[in-house]
Amino acid sequence: MANLDSKKLKLAIQKGGRLTEETLEFLRKSGLEFESYKQRLFSVCRNFPLEILYVRDDDIPDYVASGTVDLGILGQNILNEERPKVKKLLNLRYGFCSLMVAVPKDSEVKDISDLKGKTIATSYPESTKKFFKENNISIEVVKISGSVEIAPALGVAEAIVDLTSTGSTLALNDLRMLTKIYESEAVLVANEKSLLNGRKILVEKLLTRFKGVLSAKDYKYVMMNAPKDLLPKIKKIVPGLKSPTIAPLAKTGWISIQTVIKEQVFWETIEKLKNIGAQGIIVLPIEKII
Ligand code: PRT
Ligand code: ZN
């Protein structure tokens, strides 16, 4: 693999795993054009000086820290566990999961303090030790690299610490959640030297694109028709709306209004607008906000 002296930015992403599909989708939404097929090792972007390298997620922290690549996309959980020397630039809002402490359903353990002196199986030994140390509970940790959830049934441990997203793996293995250690999502990280000098400009250009996609996720574009005299009420309902685009309609006294609505309050806002008499409400996703 070439080093940082080449002119193109290098971004490492997971080759084939839980983050791969959404990462590729995110990069494409950011307007990057590249080929990607299953057996690829890397892709070269056609419309941005960027090379994408496909690697195992476990290797991403080292590649970024050593400067083999400028940037990487990986789970926050890996940053928490390994504390690599990299700079976190952005939360990417996919790949959500939580690191959980779980025990067998029929276990007598009711509280984390009941785990004192017990053995916990996990692929996240550092996060586990730190959490129990902070809570002043001494435990033993057994490091397991896969299928942590079967450890209690095998008699290897009394509890586990593992990532969960839907919780179905825990349920399938007759485990129940005890407490959450932390939440995680996909993040963009950078080598510190890539944030200096010439490469900085390229990293910033890429960041602008990424942020554009992320902020667009927060909003929907809404068009509606309403009698002109409803405008003051509509302005009250749509939070943060300063100057909506307004156009007269052929029907006298009616106007067409175009605005953006925050995703979190989307449904309640639409209902309020309907209730006061807005009509023909059309909602469109926003691709980017720059
Ligand atoms: O091959 P490679 O080393 O690249 O991949 P990997 O197998 O080590 O990692 P992978 O693909 O499993 O996970 C990559 C990243 O996805 C993780 O580092 C997390 O940031 C994120 N992520 C999100 C998850 C999950 N959700 C998740 N549910 N990673 C793992 N899981 C596992 C968990 O360990 C458990 O076995 O899924 C199971 C539980 O899922 P639920 O839905 O049943 O709760
Ligand atoms: Zn891995």
Using 26 Å as the Cα-Cα cut-off, could you pick out the over-long pairs in 88/205; 110/143; 29/180; 29/228; 29/274? 29/180; 29/228; 29/274
The alpha-carbon center of region 87-158 and that of region 202-257 are separated, in whole Å, by 46 Å
Could you tell me how many cubic angstrom of Cα convex hull volume region 97-184 has per residue? 81 Å³
Region 175-290 shape via C-alpha gyration tensor axes, a/c threshold 1.5: oblate
Among 260, 248, 286, whose Cα sits farthest toward the positive end of the charge dipole of region 221-290 (+1 at Cβ of Lys/Arg, -1 at Cβ of Asp/Glu, about the Cα centre)? 248
Along the three principal axes, how long is the chain when you take its alpha carbons, biggest first, rounded to the nearest angstrom? 77, 55, 34
State whether region 218-285 is rounded, prolate or oblate according to the following rule on the C-alpha gyration tensor (a ≥ b ≥ c being the square roots of its eigenvalues): a/c under 1.5 gives rounded; otherwise a/b larger than b/c gives prolate, and the remaining case gives oblate. prolate
For region 97-184, which whole-number percentage of the solvent-accessible area (1.4 Å probe, protein heavy atoms only) is attributable to carbon and sulfur atoms? 47 percent
Can you give the accessible area of residue 266, probe radius 1.4 Å, in Å² rounded to 10? 20 Å²
Just add up the charged neighbours of residue 172: K/R +1, D/E -1, any other residue whose Cβ is under 15 Å from the Cβ of residue 172. -1
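Once you sort the root eigenvalues of the Cα gyration tensor of region 185-225 as a ≥ b ≥ c, which label holds: rounded (a/c under 1.5), prolate (a/b larger than b/c) or oblate (the other case)?
Oblate is the answer for region 185-225, as a/c is 1.5 or above yet b/c matches or exceeds a/b.
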Dipole magnitude (debye, nearest 20) for the chain, charges at Cβ of Lys, Arg, Asp, Glu: 1520 debye
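The values are calculated or read from the model by the stated rules, or taken from the named source; none is laboratory data. All of these numbers come straight from a predicted model, not from anything done at the bench. With ideal geometry, Cβ positions are generated from the backbone for all residues, glycine too; neighbour counts draw on all protein chains shown. Heavy atoms of the whole protein, side chains included, go into the accessibility calculation; ligands, DNA and RNA do not. Shrake-Rupley method; radii C 1.70, N 1.55, O 1.52, S 1.80 Å.
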